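J.: To start, I am sharing the structure in question, which I have written as structure tokens.
The values are calculated or read from the model by the stated rules, or taken from the named source; none is laboratory data. Worth saying up front: this structure is predicted, and the values here are computed from it rather than measured. Neighbour counts run over all protein chains shown; Cβ positions are idealised from the backbone, glycine included. SASA here: full protein model, heavy atoms, side chains in, ligands and nucleic acids out. Shrake-Rupley method; radii C 1.70, N 1.55, O 1.52, S 1.80 Å.
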Amino acid sequence: MLNQTLSAIILTIAGSLSCAAQALDCPAPGALAEFVEAAYGKSVEFDVFRNGKKVGKHETRFRAAGEKLAVSSKMNLVVKVLFIPVYAFEYVSDALWCEDGLYSLDAVTDKNGNRTVTKLVRDGHQTAVSGPGGDATSPRPLYPTNHWNSRVLDEKQVLNTITGRINDVTFSSCGVLPESVPPRLKRAKCHAYSGDLEALVWFDDQQRWVGLAFKGDDGSDIVYACSSCERQ
């Protein structure tokens, strides 16, 4: 009887420690969820331009998922020559967030029918990534290149959700902006990624993501400009 009682106590303590470890591993996104609700509401939308011409749309949506924040992103881009599609790009990702970074992510990229998948899973205090760039691990939570979370500006590494690689990056103020940048972005603050990833990202005074610029595979200027921000 004594042994049974001790066993029950040990199991209870072990269960409590396990729950505490899980809570520690993924703190509930209280402040993050409050920021999302105030800054974005349910979604944020972008027009996508190539060399100044609109070629697509991007949308990121937010919802509560138990003790986590669910974030889904979708982007479609089509380049036409003489009204004939010559290049198509599609991107879809579904992620769960903790207060301090990603808990899980599944991202699918399709370039002209060439489909690749990137996955991230957080297990205990380690983050595992697999994708077209191979497998990798990180001893800490990661922020992805989905850009909506301005906390990424404090990071030294990000998950490139297209290549599946963990990129070493630094942030600095932007220099001379490309001519293709729409005037609406020039009212926000621009930050430059450098290192393994080169891009420009804009956040407004509410820390909302409002723009993105980078070079396409063919050297063209790709720019995202928020189309829903003025309505919020």
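J.: Under a Cβ-Cβ cut-off of 14 Å, what is the net charge of the residues other than ARG122 that fall near it, where Lys and Arg count +1 and Asp and Glu count -1? Please report the intermediate quantities before stating the final value.
T.: Details: positive: LYS68, LYS119, ARG140; negative: ASP25, GLU67, GLU99, ASP100, ASP106, ASP123.
Net charge around ARG122: -3.
J.: May I pose another question? Go through (1) 20.3, 84; (2) 19.9, 79; (3) 18.8, 62 and flag the label whose value is the computed Rg and Dmax of the Cα atoms in Å for this structure.
T.: Structure-derived value, by its label: (1).
J.: Continuing with this model, one more query. If the limit is 30 Å between Cα atoms, which of LYS74/LYS186; LYS53/LYS119; LYS119/LYS186 go over it?
T.: Details: LYS74/LYS186 25 Å; LYS53/LYS119 32 Å; LYS119/LYS186 34 Å.
Going by Cα-Cα distance, LYS53/LYS119; LYS119/LYS186 fall outside the 30 Å limit.
J.: State, as an integer percentage, the relative contact order of the range 59-198 based on alpha-carbon contacts under 8 Å between residues 6 or more apart. Could the numbers behind the result be given before it?
T.: Details: 276 pairs, mean separation 18.3, N = 140.
Over the range 59-198, the number comes to 13 percent.
J.: Figure the gain on full extension for GLU230 and ASP106 (residue separation times 0.36 nm, minus the Cα-Cα span) and round it to one decimal in nm.
T.: Working: separation 124, 0.36 × 124 = 44.64 nm, distance 3.00 nm.
Residue separation times 0.36 nm, minus the Cα-Cα distance, leaves 41.6 nm.
J.: Percent of accessible area on the chain owned by carbon and sulfur, 1.4 Å probe?
T.: Values: 6910 of 12550 Å².
Exposed carbon and sulfur together represent 55 percent of the surface.
J.: As I understand it, the dipole of the range 95-232 uses +1 on the Cβ of Lys and Arg and -1 on the Cβ of Asp and Glu, about the Cα centre. Which of GLY134, THR170, PRO183 lies farthest toward its positive end?
T.: PRO183
J.: If you plug each phi of the range 84-89 into the Karplus form 6.51 cos²θ - 1.76 cosθ + 1.60 with θ = phi - 60°, what whole-Hz ³J(HN,Hα) values come out, in order, with x for Gly and Pro?
T.: Running phi through 6.51 cos²θ - 1.76 cosθ + 1.60 with θ = phi - 60° gives 9, x, 10, 8, 10, 9 Hz.
J.: Using alpha carbons only, how many degrees (0 to 90, rounded to 10) separate the axis of helix 2-25 from the longest principal axis of the chain?
T.: 20
J.: For the pairs LYS42/LYS68; LYS54/LYS215; LYS57/LYS111; LYS156/LYS215, note any where the Cα-Cα span goes beyond 19 Å. Don't skip to the answer; put the middle values down first.
T.: Numbers: LYS42/LYS68 15 Å; LYS54/LYS215 15 Å; LYS57/LYS111 15 Å; LYS156/LYS215 21 Å.
Violating the 19 Å limit, Cα to Cα: LYS156/LYS215.
J.: At 1.4 Å probe size, with every protein chain present, just tell me what the per residue accessible area of the chain comes to in Å².
T.: Values: 12550 Å² over 232 residues.
Accessible surface, normalised per residue, equals 54 Å².
J.: For the chain, take the longest principal axis of its alpha carbons; what is the angle in degrees between that and the long axis of helix 30-39, to the nearest 10 within 0 to 90?
T.: The angle comes out near 20 degrees.
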